[in-house]
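Let me begin by presenting the structure, written as structure tokens, before commenting on it.
The values are calculated or read from the model by the stated rules, or taken from the named source; none is laboratory data. These numbers come from a predicted model, not from an experiment. Here Cβ is always computed from backbone atoms with ideal geometry, including for glycine, and neighbour counts include all displayed protein chains.
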Amino acid sequence: MVNDKPGERIGWHSLPGATVDNAGSVQFESMPNGSTRLHVALSYRPPAGALGAAVAKIFGEEPSQQIAEDLQKFKQSFEAQNKN
């Protein structure tokens, strides 16, 4: 973790020797209706370069695909918990 401003932003980068070199951030934006918008930025260097990225995408393991799926699951879970 390289940047942590509670309620505002989280930033990170991988440690030396990580399998996938990566860095990113999540920024939280309060919306007028009381909800929160997330802004996600991610950069990474996949193993095997462009070929590795293509293979990951074919198998649904490309990071942008995973982030979109994970955020949707989180949103559904959070909304379900807050209906009670």
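Restricting attention to the stretch 46-84 and to residues that are of a type in the set (D, E, K, R) and out of contact with any Gly (no Cβ under 9 Å at 6 or more places or on another chain), the residue that is modelled with the lowest pLDDT turns out to be Lys83.
Note on the stretch 1-57: enclosed strands (runs of 3 or more DSSP E) holding 2 or more residues that are within 16 Å of the chain's Cα centre (by Cα) and surrounded by 12 or more Cβ atoms within 10 Å (Cβ to Cβ) are 9-13, 21-30, 36-45.
Criterion applied to Glu61, Glu79 was being in a loop (DSSP other than H, G, I, E, B) and charged (D, E, K, R), and the one residue passing it is Glu61.
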